[in-house]
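The values are calculated or read from the model by the stated rules, or taken from the named source; none is laboratory data. All values reported here derive from a predicted model rather than from experimental measurement. Note: ideal-geometry Cβ built from the backbone for every residue, glycine included; neighbour counts use all protein chains shown.
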Amino acid sequence: MTARAVAAALADADGSDDGLVTIDLAVESEEVALAQFIGVPDLEVLDPPTLRTALAERADRIARLNAR
């Protein structure tokens, strides 16, 4: 995921009244996307479901590790 790819996706994005933006973004692989997305605040992955689940599981694990 490059800054250019994100900028292009944002240029075609549909915004909503609540300030959220939905974009379609091609990624190298789900593993790479997971590593890149984990640090993005207020990100919701809609599709594919496997990436959505992996991101939620990783975030839960990080939260548990840091709650000690």
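Assorted remarks:
- Condition check for Arg61: assigned to a helix (DSSP H, G or I), surrounded by 10 or more Cβ atoms within 10 Å (Cβ to Cβ) and basic (Lys, Arg): yes
- Taking each residue of segment 11-24 that is within 19 Å of Asp47 (Cβ to Cβ) and modelled with pLDDT under 80 and looking for partners that are of a type in the set (Val, Ile, Thr) and surrounded by 10 or more Cβ atoms within 10 Å (Cβ to Cβ) with beta-carbon atoms closer than 6 Å, six or more apart or interchain, yields Ala13/Val21; Ala13/Ile23; Asp14/Thr22; Gly15/Val21.
- Hits in segment 44-58 (condition: of a type in the set (Asp, Glu) and either more than 15 Å from the chain's Cα centre (by Cα) or part of a loop (DSSP other than H, G, I, E, B) (or both)): Glu44, Asp47
- From the list Leu65, Leu55, Leu43, the one residue that fits, being under 23 Å from Ala3 (Cβ atoms) and at pLDDT 95 or above, is Leu55.
- Output for segment 3-23, where each listed residue is surrounded by 10 or more Cβ atoms within 10 Å (Cβ to Cβ) and either of a type in the set (Ser, Thr, Tyr) or in a loop (DSSP other than H, G, I, E, B) (or both): Ala13, Leu20, Thr22, Ile23
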